[in-house]
Amino acid sequence: MIKIGDKIDDRYRIVSRIATGGMADVYEANDLVSRRIVSIKVMKEELLKDPVNLARFNNETASAASLNHPNIVKVYGRGFIDGRPYMANEYIKGQTLRDKLNFSMALSISDACEVMLQLTSGIDYIHRHGLIHRDIKPDNLFYMSDGTIKISDFGISTPIGSYCKGDTIQGTIYYCAPEVLTGAPASIANDIYSMGVVFFETLTGQLPFDGASLEEVALKQLKKRFPEPSKILPSIPKSIDKIIITACRKRPEERYPTSEAMHQAIVDAVSDKSNFMERKGILSRIFGFK
């Protein structure tokens, strides 16, 4: 059992327990080497016998550790403590985008575009490294006090083009692209669809498809026409409408070919002064592609 004051691998001293989730316990710790504060995510002991959960945790640590981008939660180290895998992450002091939406229902058009510029930048970086995130949603996006967005949770990320094993749909139904529901291989288009849904939700405060059951939601994702955001919020510019509708086309080949293309479409929309009464210096916060 991990206690306050314990040292992990003679490097991380546990300061406090931050949270506990379905898969892991999370602690605040001091990195005695770098002298920075980190969060330590330790897999729960009772889940070690479940090969699916163990594979998911190990996948998250391996995928995230290979990435270095300002919009992705950094992984500083990983290992085992008492036979349980752990990873040392960048310490995130902030709320998730889900928390922010729960409080305010929706963001302003400018703030939503700012979120999406950062999200598309980070996801493009992930794609350029051959990975699909597969679980893009407000719950996995940390909204920092300075406005920076941090992408987290790589537990079900997978290489581009790979097939998912098993019959269970991976990801969250409300944000799943139609082809994911039919078992198509992982592609960039999957994440682009999910980002379109996030954009829709941040602007309108609603999901494009809802229902009494997940099966009903999935059927709507497959069959129903994607709603225009401006029909819910008339102040949304047509150029933003077009971005979301393009990202969420039923056919993957009709969406943006890359996250960078979606990013650029948002840049173009934001750059058109006629779209915004108040731009709030949004362009100064754009993260460039590398």
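A few comments on the model shown:
- Some residue of segment 91-107 being farther than 17 Å from I149 by Cβ, buried (at least 16 other Cβ atoms within 10 Å of the Cβ) and not small (G, A, S): no
- Of the residues making up segment 208-240, just one is within 24 Å of the chain's Cα centre (by Cα), in a loop (DSSP other than H, G, I, E, B) and over 25 Å from L107 (Cβ atoms), namely S213.
- Selection over segment 119-132 of residues that are buried (at least 22 other Cβ atoms within 10 Å of the Cβ) and at pLDDT 95 or above gives a count of 8.
- When segment 1-52 is filtered for residues that are over 28 Å from the mean Cα position of the chain (by Cα), of a type outside the set (D, E, K, R) and surrounded by 15 or more Cβ atoms within 10 Å (Cβ to Cβ), the ones remaining, listed by number, are I2, I8.
- Residue within segment 185-193 that is farther than 13 Å from R134 by Cβ and either touching a helix residue (DSSP H, G or I) at 6+ places or on another chain (Cβ under 8 Å) or part of a loop (DSSP other than H, G, I, E, B) (or both) present: no
The values are calculated or read from the model by the stated rules, or taken from the named source; none is laboratory data. The structure presented is a predicted model; accordingly, all values stated were derived computationally and were not measured. Cβ coordinates were reconstructed from backbone atoms using ideal geometry, including for glycine residues, and neighbour counts include every protein chain displayed.
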